[in-house]
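To start, the structure under review is shown below, and the notes come after it.
The values are calculated or read from the model by the stated rules, or taken from the named source; none is laboratory data. Not measured: the values here are computed from a predicted model. Every residue, glycine as well, gets a Cβ built from its backbone with ideal geometry; the counts of neighbours run over all protein chains shown.
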Amino acid sequence: MLYLTHVLRLLSILSALSALSAALPSHRRPSTKESDATPLPLVIWHGLGDSYAAEGMKKVAALAEEVNPGTYVHLVHLADSDSGDRQASFLGNLTEQVARVCEQLASEPILSTAPAVNALGFSQGGQFLRAYIERCNFPPVHNFVTFGSQHNGISKFQACASSGDWVCRGAEALLRFGTWSDFVQSRFVPAQYFRDPEELDAYLEHSNFLADINNEREVKNPYYKNNLMSLNRFGMFMFEDDTMAIPKESAWFAEVNTTTGEVTPLRERQLYKEDWLGLRALDEQGKLDFESVPGPHMQLTDKTLEKVFREYFAPVQDDDNTLPQLLVTQDVH
Ligand SMILES: *[C@@H]1O[C@H](CO)[C@@H](O)[C@H](O)[C@H]1NC(C)=O
Ligand SMILES: *[C@@H]1O[C@H](CO)[C@@H](O)[C@H](O)[C@H]1NC(C)=O
């Protein structure tokens, strides 16, 4: 029975693969060995206050296509309009938002029939895509890159960019009800990844998102760990002069003492030592990259993006044996 499921699955993957290559444009660069393979589709989740329809996101998608020709890019969105998607980056219950993105990716024909996809998360979009990997991972993620993400949460809320920004103001007003109230935890997005080490008990009890996806509660979810461990490579990029996402070291899963500023790197944390998320396993296999980029939060140059796209999202070689392994991990449901 199990064997049959595997065979059927393999058959559907093979036919999907040929359908996929037929659907993709055939203008590949000539002769070099790298260009023989088709790049995996790329899924991108934008940050707070941004939208899938924003010019900046379209440019990033175009750049990904330019660097690795033939890349199919999917921009994650929680509404079909620019303003609606932007609003969803401030307001909503992350449990529901992540579940909707799981459905979105699984029902997108090109993505769900690909052997795997690559994923790129900007700022909070990084920890949300990580939640997608941990909770769903169908289609499975091959290489994962996050820029300035708050993997260990924020210990301070970001100030609104302008006083006329009603969505942001509204979200701020919600905070008056208290960060740890169900009301705020089910509606205000950044509150769901708020984590002050000085209020760890309240966080563990009430956090609607981060405490769960970081497997910090007593009962660990082995499925989260298995899925994250199945990544081929996880590149975590931190902005050196980030003053917006506090603390910036959250991009590397570090914990920062809010009074002394003392940084406890991931490798010295219990989360790593007891490997609640599979990060230690990835690290020991050389698959976890701690990278930094100069400049403030999300001030990315095309040059940096091009380098990262080339390094992480280039076509997978035919003789690359990492993909079949990814497929097998899908059956661990
Ligand atoms: C968020 O949504 C989930 C799923 O609908 C629900 O179980 C949970 O209670 C909600 N969170 C809060 C804090 O209300
Ligand atoms: C932060 O550092 C202070 C001073 O060393 C210490 O008293 C406090 O317990 C630390 N906080 C946490 C959460 O470890």
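Observations
- Tally, over segment 123-143, of residues that are surrounded by fewer than 24 Cβ atoms within 10 Å (Cβ to Cβ) and aromatic (Phe, Trp, Tyr): 1
- Scanning segment 187-218 for residues that are among the hydrophobic types (A, V, I, L, M, F, W, C) and either closer than 18 Å to residue 248 by Cα or free of Cβ contacts under 8 Å to residues at least 60 places away in the same chain (or both) turns up 191, 194, 200, 202, 204, 210, 211.
- Filtering 268, 255 for residues that are in contact with a Lys or Arg (Cβ under 8 Å, 6 or more places away or on another chain), within 16 Å of ligand 2 (Cβ to nearest atom) and at pLDDT 95 or above leaves a single hit, 255.
- Residue in segment 71-82 that is of a type in the set (Asp, Glu), crowded, with 17+ Cβ neighbours inside 10 Å and more than 16 Å from ligand 1 (Cβ to nearest atom) present: no
For every residue, the table says whether it meets (1) modelled with pLDDT under 95; (2) part of a helix (DSSP H, G or I); (3) within 11 Å of the chain's Cα centre (by Cα).
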{"site": "120", "(1), (2), (3)": "no, no, yes"}
{"site": "125", "(1), (2), (3)": "no, yes, yes"}
{"site": "130", "(1), (2), (3)": "no, yes, yes"}
{"site": "161", "(1), (2), (3)": "yes, no, no"}
{"site": "169", "(1), (2), (3)": "yes, yes, no"}
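- Among the conditions (1) within 18 Å of the chain's Cα centre (by Cα); (2) more than 16 Å from ligand 2 (Cβ to nearest atom); (3) on the phi < 0 side of the Ramachandran plot, the only one that residue 182 does not satisfy is (1).
- Evaluation of residue 244 against the conditions (1) closer than 20 Å to residue 157 by Cβ; (2) at pLDDT 95 or above; (3) away from ligand 1 (no atom under 16 Å from the Cβ) shows that the sole unmet condition is (2).
- None of 72, 3 is at pLDDT 95 or above and aromatic (Phe, Trp, Tyr) except 72.
- Residues that are touching a Ser or Thr at 6+ places or on another chain (Cβ under 6 Å) and part of a loop (DSSP other than H, G, I, E, B), drawn from segment 65-81: 70
- Qualifying residue in segment 253-263 (condition: within 16 Å of ligand 1 (Cβ to nearest atom), surrounded by fewer than 21 Cβ atoms within 10 Å (Cβ to Cβ), of a type outside the set (Asp, Glu) and farther than 18 Å from residue 91 by Cα): no
- Residue pairs meeting the criteria (Cβ under 9 Å; at least 6 apart or on separate chains; first within 20 Å of residue 199 (Cα to Cα), in segment 257-282; second basic (Lys, Arg) and more than 16 Å from ligand 1 (Cβ to nearest atom)): 258/156; 266/280; 271/280
- None of 111, 78 is touching a Lys or Arg at 6+ places or on another chain (Cβ under 8 Å), among the hydrophobic types (A, V, I, L, M, F, W, C) and more than 16 Å from ligand 2 (Cβ to nearest atom) except 78.
- Single residue of segment 83-95 satisfying the filter (outside any loop (DSSP other than H, G, I, E, B) and under 16 Å from the mean Cα position of the chain (by Cα)) that is surrounded by the most Cβ atoms within 10 Å (Cβ to Cβ): 94
- Residue within segment 91-102 that is modelled with pLDDT under 95, more than 16 Å from ligand 2 (Cβ to nearest atom) and not aromatic (Phe, Trp, Tyr) present: yes
- Note on segment 226-235: among residues that are part of a helix (DSSP H, G or I) and not polar (S, T, N, Q), the one that is surrounded by the most Cβ atoms within 10 Å (Cβ to Cβ) is 228.
- Restricted to segment 176-225, the set of helices (runs of 4 or more DSSP H) holding at least 3 residues that are surrounded by 19 or more Cβ atoms within 10 Å (Cβ to Cβ) and among the aliphatic types (A, V, I, L, M) comprises 210-213.
- Scanning segment 98-115 for residues that are in contact with a helix residue (DSSP H, G or I) (Cβ under 7 Å, 6 or more places away or on another chain) and either on the phi > 0 side of the Ramachandran plot or not small (Gly, Ala, Ser) (or both) returns 98, 101, 102, 105, 110, 111, 113, 115.
- Exclusive hit being within 21 Å of residue 106 (Cα to Cα), in a helix (DSSP H, G or I) and at pLDDT below 95, set 61, 22: 22
- Number of the condition not met by residue 108 [criteria: (1) surrounded by fewer than 21 Cβ atoms within 10 Å (Cβ to Cβ); (2) among the acidic types (Asp, Glu); (3) under 13 Å from residue 46 (Cα atoms)]: (3)
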